[in-house]
Amino acid sequence: MAKSVSIHTLGCKLNYSESSTIAKQLVAKGLDLKRFGEKSDIFILNTCTVTESADKECRQIIRSVIRNNPDTFVVVTGCYAQLKPEEIASIKGVDLVIGSNEKFRITDYLQDVLEGNLSCAGQETKPGIYVSPLNELTVLGEGLTQDTDARTRAFLKIQDGCDYTCSYCTIPFARGGSRSLPVTKVIENAKKIVADGYKEIVLTGVNVGDYNFEGNKLIDVLYKLEKTEIERIRISSIEPNLLSDEIIELVAGSEKFCNHFHIPLQSGDREILRLMQRRYKLETYEKLIYKIKEIISDCGIGVDVIVGFPGETDERFENTFNFLSSLPVTYLHTFSYSERDNTKSAKMENKVPVRTIKERSRILRNLSMRKKADFWSGSIGTEHRVLFETLKNDSDMEIEGWTENYIRVKTGYKEGIENSVKNVKLTIPEGTKPVECEIIS
């Protein structure tokens, strides 16, 4: 009987794309892929370490899996494994810890297990630890994943690592310097996605805008992707200093690129932004947002923001709130500051109390809901192209999807519209719930 494996992923879409690649490698070796929660011979956790709560969640999942299935062979990889392998290995029941380079050769490290030797699972043996040092994090493993919930969009990794030195971030330590997939490989993988029947590609990476392979920049890749047969292309997230006029104009004039950008801000206070060591000024960010809206009036714009950074006084938080309130953005992704080892911010004074951070997060989440509701209701009567998803169960009477500018919509189910792009008219708003729409063609 074939051995089984289950894989669980935490964190960003990049992690999910890489987990999909790992899964394909294991299936090619003859393993039976199980869902997370089902008993399996091997369990792999692809971790995130962006915050302390992410680390805590990783540990909780590991212990839960071992408690419910003590005979499983437990493998932990990803950013948390790269940064703190000994901490993970100290958890009783963990069998193997592998780093950011090694996860793309996971079948090599599992060879004994794949050949039938599960003798160390559930026993008192020292876990294997295989983690390359930071200066050797040069491997660029491929990542290509499909949206398993809706089966309509695929996440395509084109870049990894980061050369930025944001004072709060450990990702460069976990993933190494910026490196990019060859242009030919990006296009090859995009064509595979088209062949598999997917209608939308979401470009992913640690710092997508920093794409640079042998002189080819992100804009060069975008021009080539536009010539493929994929119906829609979306850029997952892009730094404001890397979102060029040429990219904006390409999106504005293209029928394939979604008029939706996600642009990290992190703070709307000048001093906090400086302490964070971000590579732009507030004035630059503000001009960029208004430029986008001038060229693409109905563009959906998402923003990342961190609350509770050391030194964020009430006045400085109010500056962030007022700055975000004034901008024509669509929604916010709010993150609570989390102190990480070996970062400059960890040594900074004037820490913000946890209770204050939670209250500020609540305030920005409410602001995000208001902005989203206003943007969605303000779009009533307009026409859009929507990628409708696959029904989650046969009893569903409505089907949902996303417009090109990232408005969630719904309509009555009709046979044949699953995983298809349709022209619709938005009709009835329901706050931040999916907007009702009618199919035009």
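The values are calculated or read from the model by the stated rules, or taken from the named source; none is laboratory data. Predicted model, so just to flag it, every value in this text is computed and none were measured. Here the Cβ positions follow ideal geometry from the backbone for every residue, glycine too, while neighbour counts run over all protein chains shown.
Evaluating Y198 against the criteria (1) closer than 28 Å to F388 by Cβ; (2) crowded, with 17+ Cβ neighbours inside 10 Å; (3) modelled with pLDDT of 95 or more leaves one unmet condition, (3). Can you name every residue in the range 268-321 that is touching a Gly at 6+ places or on another chain (Cβ under 8 Å) and in a helix (DSSP H, G or I)? If the condition is that a residue be touching a Gly at 6+ places or on another chain (Cβ under 8 Å) and in a helix (DSSP H, G or I), then E271, I272, L275, L282, N319, T320, F321 are the ones that fit.
Yes/no per residue for (1) among the polar types (S, T, N, Q); (2) surrounded by 21 or more Cβ atoms within 10 Å (Cβ to Cβ); (3) touching a strand residue (DSSP E or B) at 6+ places or on another chain (Cβ under 6 Å):
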residue	(1), (2), (3)
C162	no, yes, no
A174	no, yes, no
V186	no, yes, no
D210	no, yes, no
G215	no, no, no
F261	no, yes, yes
L265	no, yes, yes
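Every residue, every condition in (1) in a loop (DSSP other than H, G, I, E, B); (2) modelled with pLDDT of 90 or more, yes or no:
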site: C120; (1), (2): yes, no
site: E124; (1), (2): yes, no
site: V139; (1), (2): yes, no
site: T145; (1), (2): no, no
site: D149; (1), (2): yes, no
site: C166; (1), (2): yes, yes
site: G177; (1), (2): yes, yes
site: K191; (1), (2): no, yes
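Taking E404 as the residue in question, decide whether it is of a type outside the set (A, V, I, L, M), under 22 Å from the mean Cα position of the chain (by Cα) and under 18 Å from K199 (Cα atoms). It is true that E404 is of a type outside the set (A, V, I, L, M), under 22 Å from the mean Cα position of the chain (by Cα) and under 18 Å from K199 (Cα atoms). Just one of the numbered conditions (1) hydrophobic (A, V, I, L, M, F, W, C); (2) part of a helix (DSSP H, G or I); (3) surrounded by fewer than 21 Cβ atoms within 10 Å (Cβ to Cβ) is not true of I62: (3). Criterion first (of a type in the set (S, T, Y), closer than 18 Å to I158 by Cα and not in a loop (DSSP other than H, G, I, E, B)) does Y198 satisfy it? No, not satisfied. From the list G416, G401, pick out the single residue that is small (G, A, S) and surrounded by 18 or more Cβ atoms within 10 Å (Cβ to Cβ). From the options G416, G401, the qualifying one is G401.
The single condition from (1) assigned to a helix (DSSP H, G or I); (2) in contact (Cβ under 8 Å) with a residue 60 or more places away in the chain that S237 fails is (1).
Conditions tested, residue by residue: (1) in contact with a Gly (Cβ under 8 Å, 6 or more places away or on another chain); (2) in the same structural domain as I407 (by TED's automatic domain parsing); (3) under 16 Å from V305 (Cα atoms).
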{"residue": "S338", "(1), (2), (3)": "no, no, yes"}
{"residue": "N342", "(1), (2), (3)": "no, no, no"}
{"residue": "A346", "(1), (2), (3)": "no, no, no"}
{"residue": "T356", "(1), (2), (3)": "yes, no, yes"}
{"residue": "R360", "(1), (2), (3)": "yes, no, yes"}
{"residue": "I363", "(1), (2), (3)": "no, no, yes"}
{"residue": "L367", "(1), (2), (3)": "no, no, yes"}
{"residue": "K372", "(1), (2), (3)": "no, no, yes"}
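I439 falls short on exactly one of the conditions (1) in contact (Cβ under 8 Å) with a residue 40 or more places away in the chain; (2) surrounded by fewer than 18 Cβ atoms within 10 Å (Cβ to Cβ); (3) closer than 24 Å to E229 by Cα; (4) not acidic (D, E), and that condition is (1). Every condition in (1) more than 30 Å from L275 (Cβ to Cβ); (2) out of contact with any Phe, Trp or Tyr (no Cβ under 6 Å at 6 or more places or on another chain); (3) touching a residue at least 12 places away in the same chain (Cβ under 8 Å) is met by H333 except one, and the failing one is (1).
Within the range 16-43, count every residue that is farther than 22 Å from T204 by Cα and buried (at least 17 other Cβ atoms within 10 Å of the Cβ). Adding up the residues that qualify gives 6.
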